[in-house]
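Colleague: Encoded as structure tokens, here's the structure I'll be asking about.
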Amino acid sequence: DWHLDPLNLHTIEKYLETENIDLDKSRPLSLNFYLDYVNWFTKQKGIKPINNFVSDINYNDNNFIANLKNGEKIEAKSVLLALGFKHFKNIPKELSSIIPENRLSHTCDLVDLDQFKNKKCLIIGGRQSAFETAALLNEAGAKNVYISHRHDTPDFTESDWSWVLPMLDKIVDDPNWFRNLSEKQRDDLNKRFWTEGRLKLEPWLSVRLKSDSIKFFSNTNVVTCSELSNIDLEIEISNGEKVIVDHVILATGYKVNMENIPLLNSGNILEKLKLESGFPVLDNYMQTNIPGLFVTSMAATQDFGSFFGFTVSVNASAKMIGKYFL
């Protein structure tokens, strides 16, 4: 269900059929599998991405001008920002203030974990990204991996997402559906999302964490951090234990703040953009107060619900934004 096509033509199932791939042998879907699907989808749709970055966007006279980092310009009547999580990393001040900057990373920044071979790492956080990172570090040859989190360790059990697609269909049919819920109803919905997405861990992950080099500290937090040398950090955990590590990794989630996006800071968009608690204020087409500027992904979750931060929502986003142009 977590495919990219709002027309339900070039789905993951269609990809499996076309490429003669056995779904059962592909579970859980790996990063490489999903990227292969994305490449296939792109070819089927005739999409040709520009392999470059936008340095800034300006809006003048009902027109957008995007400056690319290679010096080229793109003029457009409409712009869609689907920027993902990168600029919304949540780095708690109580941790950044005691851990040296050059010894601190967020899971969002870690793609190649080979750099941690034979290293000792502490992961702070206790949800899926924390435990996946622990497994990947161990498989990359890390000497020791510690995980500290403030709650009980989540259960390794299958999540039930069967209720998500009907919810997204409701929002496509009535974009105000989520916004019109009472505060209690929104809280209940977020609690249900939290239970499925945060209080459970993928069951296939459990086996990959069974290693003597991985140690869990549940219901704890970091108290102090001291540099013992140019190599070691001594971390004191609230349960009284002390660990010696080379690096600290934050699996502390994300917090939306459009002011953190460089391409908006560089142009004149940010000064014109209406924000509420860091989020853009969106209409029923996911359009901001700037005509022709649309926003989806995590930055749309305040107006449309938590699942707009996940791939499963791309179909709903495409339909909602597409209606504007009909």
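The values are calculated or read from the model by the stated rules, or taken from the named source; none is laboratory data. Keep in mind it's a predicted model, so treat the numbers as computed, not measured. Please note: Cβ atoms are built from the backbone with ideal geometry, for glycine as well, and neighbour counts cover all protein chains shown. SASA here: full protein model, heavy atoms, side chains in, ligands and nucleic acids out. Shrake-Rupley method; radii C 1.70, N 1.55, O 1.52, S 1.80 Å.
Colleague: Could you please report the charge total around V145, scoring K, R as +1 and D, E as -1 over all other residues with beta-carbon less than 14 angstrom from its beta-carbon? Please report the intermediate quantities before stating the final value.
Modeller: Working: positive: K117, K119, K120, K143, R208, K210, K215; negative: E132, E139, D212, D246.
Neighbourhood net charge equals +3.
Colleague: Leaving out same-chain residues fewer than 8 places away, which aspartates and glutamates sit with a Cα under 12 Å from that of K89?
Modeller: Reachable aspartates and glutamates: D109.
Colleague: Write down the accessible area per residue of the stretch 151-240 in Å², having rolled a 1.4 Å probe over the full set of protein chains. Display every interim value, and only then the final one.
Modeller: Values: 5440 Å² over 90 residues.
Value returned for the stretch 151-240: 60 Å² of accessible area per residue.
Colleague: Further question: Size of the stretch 234-285 along its principal axes in angstrom, Cα-based, largest extent first?
Modeller: Extents along the principal axes, in whole Å: 50, 25, 16.
Colleague: When only DSSP loop residues count, what trypsin sites (Lys or Arg not before Pro) in the stretch 192-228 have their Cβ near at most 10 other Cβ atoms within 10 Å? Let's see the in-between values first.
Modeller: Values: sites: R192, R198, K200, R208, K210, K215; in loops: K210.
When the trypsin sites (Lys or Arg not before Pro) of the stretch 192-228 are filtered for loop state and at most 10 Cβ neighbours within 10 Å, K210 remain.
Colleague: Moving to a separate point now. Where nothing but the Cβ of Lys and Arg (+1) and of Asp and Glu (-1) is charged, how large is the charge dipole of the stretch 167-217 around its Cα centre, in debye to the nearest 20?
Modeller: Numbers: 11 positive and 9 negative charges, 64 e Å.
My answer is approximately 300 debye.
Colleague: Right, here's the next one. Share of the stretch 197-244's accessible area from carbon and sulfur, percent, 1.4 Å?
Modeller: Numbers: 1230 of 2760 Å².
Accessible surface attributable to carbon and sulfur in the stretch 197-244 totals 44 percent.
Colleague: Quick check: the distance between the Cα centres of the stretch 163-183 and the stretch 71-94, to the nearest angstrom?
Modeller: Here the answer is 25 Å between Cα centres.
Colleague: Please name whichever of P175, T220, S55 sits farthest to the positive end of the charge dipole of the chain, dipole taken about the Cα centre and charges placed at Cβ: Lys and Arg +1, Asp and Glu -1.
Modeller: Result: S55.
Colleague: Taking the Cα centre of the stretch 179-268 as the origin, how large is its charge dipole in debye, to the nearest 20, when only Lys and Arg (+1) and Asp and Glu (-1) carry charge on their Cβ atoms? Mind dumping the intermediate values first?
Modeller: Numbers: 12 positive and 13 negative charges, 136 e Å.
For this selection, approximately 660 debye.
Colleague: Starting from the stretch 121-192, pick out the chymotrypsin sites (Phe, Trp or Tyr not before Pro) whose DSSP state is loop and whose Cβ has at most 14 other Cβ atoms within 10 Å. The partial results should precede the final answer.
Modeller: On the way: sites: F131, Y146, F156, W161, W163, W177, F178; in loops: W161, W163, W177, F178.
Sparse-neighbourhood loop chymotrypsin sites (Phe, Trp or Tyr not before Pro): W163.
Colleague: Okay, next question. Let me know the number of lysine pairs in the stretch 232-326 closer than 29 Å at the Cα, not counting same-chain pairs under 8 apart. Walk me through the numbers before you get to the answer.
Modeller: On the way: K255/K272; K255/K274; K255/K319; K255/K323; K272/K319; K272/K323; K274/K319; K274/K323.
The number of close lysine pairs in the stretch 232-326 is 8.
Colleague: Also, I was wondering about something else. Could you report the stretch 43-145's accessible area per residue, 1.4 Å probe, as an integer in Å²?
Modeller: On the way: 6180 Å² over 103 residues.
Result: 60 Å² per residue.
Colleague: To the nearest 500 deg cm²/dmol, what mean residue ellipticity at 222 nm is calculated for the chain from DSSP H runs of n ≥ 4 alone, each contributing -39,500 (n - 2.57), summed and divided by the residues? Intermediate results must be reported in sequence, preceding the final value.
Modeller: Details: 11 runs with 93 residues, N = 326.
Here the helix-only value at 222 nm equals -8000 deg cm²/dmol.
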